[in-house]
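The values are calculated or read from the model by the stated rules, or taken from the named source; none is laboratory data. The shown structure was predicted, so the numbers you read here are calculated from the model rather than taken from an experiment. Neighbour counts run over all protein chains shown; Cβ positions are idealised from the backbone, glycine included. Just the protein is used for accessible areas: all its heavy atoms, side chains included, with ligands, DNA and RNA removed. Shrake-Rupley method; radii C 1.70, N 1.55, O 1.52, S 1.80 Å.
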Amino acid sequence: MATTIEEISAAVEKGKAKLIKDLVPKAIEEGYSAQDILNDGLLHGMNIVGDRFTRNEAFVPEVLVAARAMNKGTELIKPLLAEEGNQPIGKACLGTVQGDLHDIGKNIVKLMVESKNIEVLDLGVDVPPEKFVETAINEKCDLILCSALLTTTMPMIQKVVEAVSDAGIRDKVSIMIGGAPITQEFCDQVGADYYTEDAAACANKAVEILKAKSA
């Protein structure tokens, strides 16, 4: 018979937010820590969906409903996580660059990165370089995540890299970029730190970067 934690993971995987609202309090009552509920239940289920998404076995709607279910559970345990002293493993600011209004890809990246226990500040779309820099400084972000979905807005990524350098925080923050027209060659050309081809790869690379920073 499945444990309540396993049931939580399965409910996230299937996007059953209503079930999560019942299962999370049940797990708390059974004595599970908020940390265990988060890692072995909510994030575990979301990661399964993320892996399936990477293999093209799951699609955007499934990712979105799973994320909605995960977020419902996270809301319920937030106060307990604070009491237990649980901290995210790092912080990122995320946005689509200035001149670009695409947000579906960005939103999926946000969900995938959050599923790795990384705090994400979503700056939205049409974000000027200064906004990325200002947020990175004020919020002490470890990562800046930029996306461009149009070839015409790709040059704005270079402007973000330049703004980060001009602000003197180039050694403190890693710049990750992505989007349909972006390539590794472009990443090298503009001086960004990392290019990833999809949301799941971005989330995994973000964890790798943060672990290396804290080592």
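One table, with the values for the structure above:
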{"read-out": "Any hit, the stretch 54-73, residues being more than 24 Å from ALA201 (Cβ to Cβ), in contact (Cβ under 8 Å) with a residue 12 or more places away in the chain and of a type outside the set (Gly, Ala, Ser)", "value": "yes"}
{"read-out": "Test for ASP51: is it among the charged types (D, E, K, R), within 22 Å of ALA200 (Cα to Cα) and surrounded by fewer than 19 Cβ atoms within 10 Å (Cβ to Cβ)", "value": "yes"}
{"read-out": "Count of the stretch 119-153 residues which are crowded, with 21+ Cβ neighbours inside 10 Å, out of contact with any strand residue (DSSP E or B) (no Cβ under 6 Å at 6 or more places or on another chain) and outside any helix (DSSP H, G or I)", "value": "1"}
{"read-out": "Selected residue [closer than 14 Å to ASN117 by Cα and in contact with a Leu (Cβ under 8 Å, 6 or more places away or on another chain)] from LEU38, LEU42, LEU64", "value": "LEU38"}
{"read-out": "Subset of the stretch 75-93 [at pLDDT below 90 and touching a helix residue (DSSP H, G or I) at 6+ places or on another chain (Cβ under 7 Å)]", "value": "LEU80, LEU81, GLU84, ASN86"}
{"read-out": "Members of the stretch 182-200 that are open to solvent by 20 Å² or more (accessible area, probe 1.4 Å), under 21 Å from the mean Cα position of the chain (by Cα), at pLDDT 95 or above and of a type outside the set (S, T, N, Q)", "value": "ASP193, TYR194, TYR195"}
